[in-house]
Amino acid sequence: MRQKHQTQALSSGRQRVAVAPALINKPSLLLADEPTGALDTTARHAVADLLYALPERWQCGLVLVTHDDMVASRAQRQL
């Protein structure tokens with residue numbers, strides 16, 4: 001069980017770290033394709049919190065593609 005926990009922690013950390021390079025050039029639009037796909041519930045919430053905070057903090061748009069209803073429900077607009 002300990003190994004599974006460590007693997008999940010690494011996965012969520014990688015997802016959060018992957019956002020940093022996307023912000024280096026101060027983009028006007030961020031594209032996120034299934035950013036929470038392989039994460040447990042806790043990590044999903046943490047990554048979703050980070051992503052949904054970015055538009056206001058960095059004055060950019062966010063387009064997020066997901067099959068996760070919890071993550072999608074937080075969007076201002078769903079297509």
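Here are a few things to note about the model shown:
- Region 45-59 - phi-based ³J(HN,Hα) in whole Hz, Karplus 6.51/-1.76/1.60, Gly and Pro as x: 4, 5, 5, 4, 4, 4, 4, 6, 7, 4, x, 6, 5, 10, 6
- V65 long-range amide H proximity, modeled H, under 5 Å: A32, D33, E34
- For T41, T66, T36, order by how many other beta-carbon atoms lie within 10 Å, fewest first: T41, T66, T36
The numbers here are math on the coordinates, done by the rules we state, and not lab data. None of the values given here were measured: they were computed from a predicted structure. All Cβ positions, even for glycine, are placed from backbone atoms using ideal geometry, and neighbour counts span all protein chains on display.
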